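A quick write-up on the structure given underneath.
The values are calculated or read from the model by the stated rules, or taken from the named source; none is laboratory data. What you are looking at is a predicted structure, and each value in this text was computed from that prediction instead of being measured. Heads up, the Cβs are rebuilt from the backbone with ideal geometry, glycines too, and the neighbour counts pull from every protein chain shown.
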Amino acid sequence: MTAVDWNVIADRLVAVMHQMIHEENFYGPDSTRYAEALRRTFGYRAANEQRDRERVFPYERLTDGRGLITQAEADHVRDGHTIVDRMGRETAEQQVKEMRAEVARVYREAAKDLAEMIRDRCNEVSVPSRYRREGVAWAADLIDPAVPKDRFGRTLSPAAESEAVAS
């Protein structure tokens, strides 16, 4: 949208006033004369007025094209932008949802790899104490997404219990 050129509008208003007073002898109360001059300057037409088979808009319109529009037209433009923004927001939300799912997948894979590495490095030589080995195995179970957990994050089948049963 271009900026309003007030000088051009003022020149047009002067020309309209000159035509009304000197050519049409349009006199009357000042408020009526000035109102009509402004209507002509801005090319105002009422919503129900149709000239030369032009499209009739459901709101009053200033057709001068110098950067001034009616409130109804501004609302129409704003609503159009709002719809486009809403569609863009929905697309962005969908992309964020997909990205979060991808990040969660990558984190699960990384957690699984980390838990496997911890289990591989934990043996009787690297961790001589049985209780410490059980603690390391338990920590690996907490990290590993494949190990079943309750809703509070506690493992349902801790590694320590499974090792104790195996021995």
**Item:** Failed item, numbered, when Asn48 is tested on (1) modelled with pLDDT under 70; (2) in contact with a Phe, Trp or Tyr (Cβ under 9 Å, 6 or more places away or on another chain)
**Value:** (2)
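Results for (1) basic (Lys, Arg); (2) exposed (fewer than 10 other Cβ atoms within 10 Å of the Cβ); (3) at pLDDT below 85, shown as yes or no for each residue.
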site: Asp5; (1), (2), (3): no, no, yes
site: Leu13; (1), (2), (3): no, no, no
site: Val16; (1), (2), (3): no, no, no
site: Thr70; (1), (2), (3): no, no, yes
site: Lys112; (1), (2), (3): yes, no, no
**Message:** Looking at Glu102, Glu98, can you tell me which residue is modelled with pLDDT of 95 or more, in a helix (DSSP H, G or I) and within 30 Å of Leu156 (Cβ to Cβ)?
**Reply:** Glu102
**Prompt:** Quick check: is even one residue across the range 73-87 surrounded by 14 or more Cβ atoms within 10 Å (Cβ to Cβ) and either part of a helix (DSSP H, G or I) or at pLDDT below 80 (or both)?
**Reply:** yes
